[in-house]
Amino acid sequence: MLQDDRQHAAAEALFREVLAERERRLGVGDVLTRNSLNNLGLVLSLQGKLDEAEVHYRRALDVERGLFGADAFDVLVLAHNLAGLLRKRDDLAGAEALARDTVERAERTLSAARYEPALFRVGLAQTLQRQGRKAEALAEFDRARERLVGLFGAEDARVQKVDAMRAALAQEP
């Protein structure tokens, strides 16, 4: 609730306390502890504490990969989140590599009825856009849009958001 209310410093303090207690009682392999790692990473990212956020995201990702393998759904989501953080940190090469790997794994392993591969493609498109690779970014937005329209229809809010991002990019020089 604190995080949703944008009281990030207060949320961070509680997330740290909960993480420490969960690590002590449950161990890092427990799902609740892994969720706490991700939650702390997110609230740190929201505050611009990107270096520290990356530590927690990477730790959560490493644990998830070790437990469930590189193609597990939660691993793909965590990898997508980390790619976004790397993009924020201007590590565009790292963000692109991780985003491409995440998209490839998601397309290969997730059902055609899942929307997440489109979400992951949007992250890749944003990274390509930041690199000034407009044509490639537009193509990724188009692929994401195609999947979302197929699943939800052209009037869906997710499709409209992709349309808005694509339109903004198309207007860039």
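Quick look at the values:
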{"item": "Debye log10 I(q)/I(0) for the stretch 29-69, one point scatterer per Cα, at q = 0.20, 0.32 Å⁻¹", "result": "-0.52, -0.99"}
{"item": "Per residue, in Å², the accessible surface of the chain once ligands and nucleic acids are set aside, probe 1.4 Å", "result": "53 Å²"}
{"item": "Calculated [θ] (222 nm, deg cm²/dmol) that DSSP helices of n ≥ 4 give over the chain, each run adding -39,500 (n - 2.57)", "result": "-26500 deg cm²/dmol"}
{"item": "Estimated FRET transfer efficiency when R0 is 25 angstrom, pair ALA9-ASP90 (beta carbons, to 0.05)", "result": "0.55"}
{"item": "Under 16 Å from LYS49, Cα to Cα: aspartates and glutamates that are on another chain or at least 8 residues apart", "result": "GLU12, ASP90, ASP91"}
{"item": "Principal-axis tilt of helix 157-171 within the chain, Cα atoms, nearest 10 degrees", "result": "60 degrees"}
{"item": "Spatial separation of Cα centroids for the stretch 158-173 and the stretch 24-56, in angstrom", "result": "32 Å"}
{"item": "Accessible surface of the stretch 120-173 [probe 1.4 Å, protein heavy atoms]: carbon and sulfur percent", "result": "51 percent"}
{"item": "Alpha carbon convex hull of the stretch 1-93, volume per residue in cubic angstrom", "result": "90 Å³"}
{"item": "Phi to ³J(HN,Hα) by Karplus 6.51 cos²θ - 1.76 cosθ + 1.60 over the stretch 147-152, Hz, x for Gly, Pro", "result": "5, 5, 4, x, 8, 10"}
{"item": "Rg/Rh ratio calculated on Cα atoms of the stretch 95-158 (Kirkwood radius)", "result": "0.97"}
{"item": "Mean Cβ neighbour count within 10 Å, used as a protection proxy, ranking 134-142, 110-118, 34-42 highest first", "result": "34-42, 134-142, 110-118"}
{"item": "Anchor LYS161: lysines whose Cα lies under 25 Å away (excluding residues fewer than 8 positions away in-chain)", "result": "LYS88, LYS134"}
{"item": "Dimensionless Rg over Rh [the chain; C-alpha; Kirkwood]", "result": "1.00"}
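The values are calculated or read from the model by the stated rules, or taken from the named source; none is laboratory data. None of these values were measured; they are calculated from a predicted model. Glycine gets a Cβ as well: all are built from the backbone with ideal geometry, and neighbour counts include every protein chain shown. Note: areas computed on protein heavy atoms with side chains; ligands, DNA, RNA excluded. Shrake-Rupley method; radii C 1.70, N 1.55, O 1.52, S 1.80 Å.
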